[in-house]
1. Open to solvent by 10 Å² or more (accessible area, probe 1.4 Å) and within 14 Å of the ligand (Cβ to nearest atom): which single residue out of Asp99, Asp78, Asp156, Asp83 fits that description?
2. One residue is enough: does the range 160-178 have a residue meeting the conditions at pLDDT 95 or above and assigned to a helix (DSSP H, G or I)?
3. Pick from the range 239-283 the residues that are near the ligand (Cβ under 8 Å from one of its atoms) and in a loop (DSSP other than H, G, I, E, B): which of them is nearest to the chain's Cα centre (by Cα)?
4. Going through the range 26-53 one residue at a time, which ones are of a type outside the set (A, V, I, L, M), on the phi < 0 side of the Ramachandran plot and open to solvent by less than 60 Å² (accessible area, probe 1.4 Å)?
5. Do you know which residues across the range 168-185 are more than 8 Å from the ligand (Cβ to nearest atom), over 13 Å from the mean Cα position of the chain (by Cα) and either among the hydroxyl-bearing types (Ser, Thr, Tyr) or open to solvent by less than 20 Å² (accessible area, probe 1.4 Å) (or both)?
6. Which residues, counting only those in the range 187-204, are on the phi < 0 side of the Ramachandran plot and either assigned to a strand (DSSP E or B) or surrounded by fewer than 20 Cβ atoms within 10 Å (Cβ to Cβ) (or both)?
7. Determine the pairs where a residue that is closer than 15 Å to Leu226 by Cβ and of a type outside the set (Ser, Thr, Tyr), located within the range 258-283, has a partner that is within 16 Å of the ligand (Cβ to nearest atom) and not in a helix (DSSP H, G or I) with Cβ atoms under 6 Å apart, the partner being 6 or more residues away or on another chain.
8. Go through (1) open to solvent by less than 10 Å² (accessible area, probe 1.4 Å); (2) of a type in the set (Ser, Thr, Tyr); (3) over 19 Å from the mean Cα position of the chain (by Cα) one by one and return the number of the condition Ser62 breaks.
Amino acid sequence: MATAVPLSTKYTLPILGYGVLQVAPEKAPEFVAKALEVGYRHIDSATMYQNEAACGEAIRASGLPRESVFYTSKSPPDQHGYDATVKGFEASLQKSGLDYIDLYLLHTPFGGKEGRIGGWKALLEAQRAGKVRSIGVSNWGVHHLQELEDWIQETDAKEGKGTGGKISVGQWEIHPWLARKDITDWCAKHGVVVEAYSPLVRGLKMHDPLLKALAEKYGKSPAQILLRWSVQQGFVPLPKSEKENRMRENADIFDFELSADDMKTLETGKYETTIWDPTTDTS
Ligand SMILES: NC(=O)c1ccc[n+]([C@@H]2O[C@H](COP(=O)([O-])OP(=O)(O)OC[C@H]3O[C@@H](n4cnc5c(N)ncnc54)[C@H](OP(=O)(O)O)[C@@H]3O)[C@@H](O)[C@H]2O)c1
């Protein structure tokens, strides 16, 4: 968990995160505190999860230096454009009770081009004001990413290099049943670090024969095989668990390596989403 990946900003992102989707606000301080105690230094929240205040509370109460914990939140998924994103970001910051947020993502690509570019401008402003260190997107398809990248290039050309900002991080549902090669290839080409959400396939594949065979071969759990696959692909997985033993299990993945052949067996070629798929949005 000590290892981190450099971002296009001067900051680094711990390569394993703790996700808090569906962690009830009243339980979140306890679980986030436990995750920090176990050793996680990267917490992934969002406006939608309704536990930003609880995450901030746990981070502040941990006694850890603020710099040592990487905290992510995301814009309201159903509100787009400049004004709504300014408001959403300010609310996230205020609820966290932190001086700054490490990473803020536009949660969805909905809202059309105006909504997406307006949202990005709001994040750029927050970044310039030092309220957020790195910015990015979540659930954007290649067509959305390229639209923003074109706007960034045009803005840089008109107003000076760097004025359009940089997409430092992108977050998508990614696991062996949803590898999203089109998106991850685009990110590799453009220096965007890829975070993998639902890296445990929300617990739905733990009895899959493919996974069980690998778990037996390596003497690891199916969850550890999935997380190892993610890390070896170069992704930053964000497993969620409310159980301390699983938090530990999910973090205990740095003492083994899947062979190239075994990585290949996990190329299922499937496109199985488990939660939602805004990447296909055509607004
Ligand atoms: N940007 C987005 O749109 C988006 C969407 C979804 C998720 N995310 C982020 O990604 C994080 C993770 O995704 P997720 O919560 O959807 O799913 P996930 O991490 O793939 O799976 C979580 C499920 O797996 C169980 N689990 C955890 N560790 C396990 C283990 N070692 N063995 C067996 N089961 C285990 C958990 O149960 P217990 O809690 O009971 O252990 C829970 O039911 C979220 O919390 C959130 O931060 C982002």
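The values are calculated or read from the model by the stated rules, or taken from the named source; none is laboratory data. Given the structure is predicted, the values throughout are model-derived calculations rather than measurements. Here Cβ is always computed from backbone atoms with ideal geometry, including for glycine, and neighbour counts include all displayed protein chains. The area values use the complete protein model at the heavy-atom level, side chains included, leaving out ligands, DNA and RNA. Shrake-Rupley method; radii C 1.70, N 1.55, O 1.52, S 1.80 Å.
1. Answer to the selection: Asp78.
2. Step one: list which residues in the range 160-178 are at pLDDT 95 or above, which gives 160-178.
Narrowing the set further to residues that are assigned to a helix (DSSP H, G or I) leaves none.
No, that holds for no residue.
3. Pro239
4. Pro29, Phe31, Lys34, Tyr40, His42, Asp44, Ser45, Thr47, Tyr49, Asn51, Glu52
5. The answer is Pro176, Trp177, Leu178, Arg180, Ile183, Thr184.
6. Residues of the range 187-204 on the phi < 0 side of the Ramachandran plot: 187-190, 192-197, 199-200, 204.
Result: Ala188, Lys189, His190, Val193, Val194, Glu195, Ala196, Tyr197, Leu204.
7. If the second residue must be within 16 Å of the ligand (Cβ to nearest atom) and not in a helix (DSSP H, G or I), the pairs left are Leu266/Pro176; Lys270/Trp177; Glu272/Trp177; Glu272/Leu178.
8. (1)
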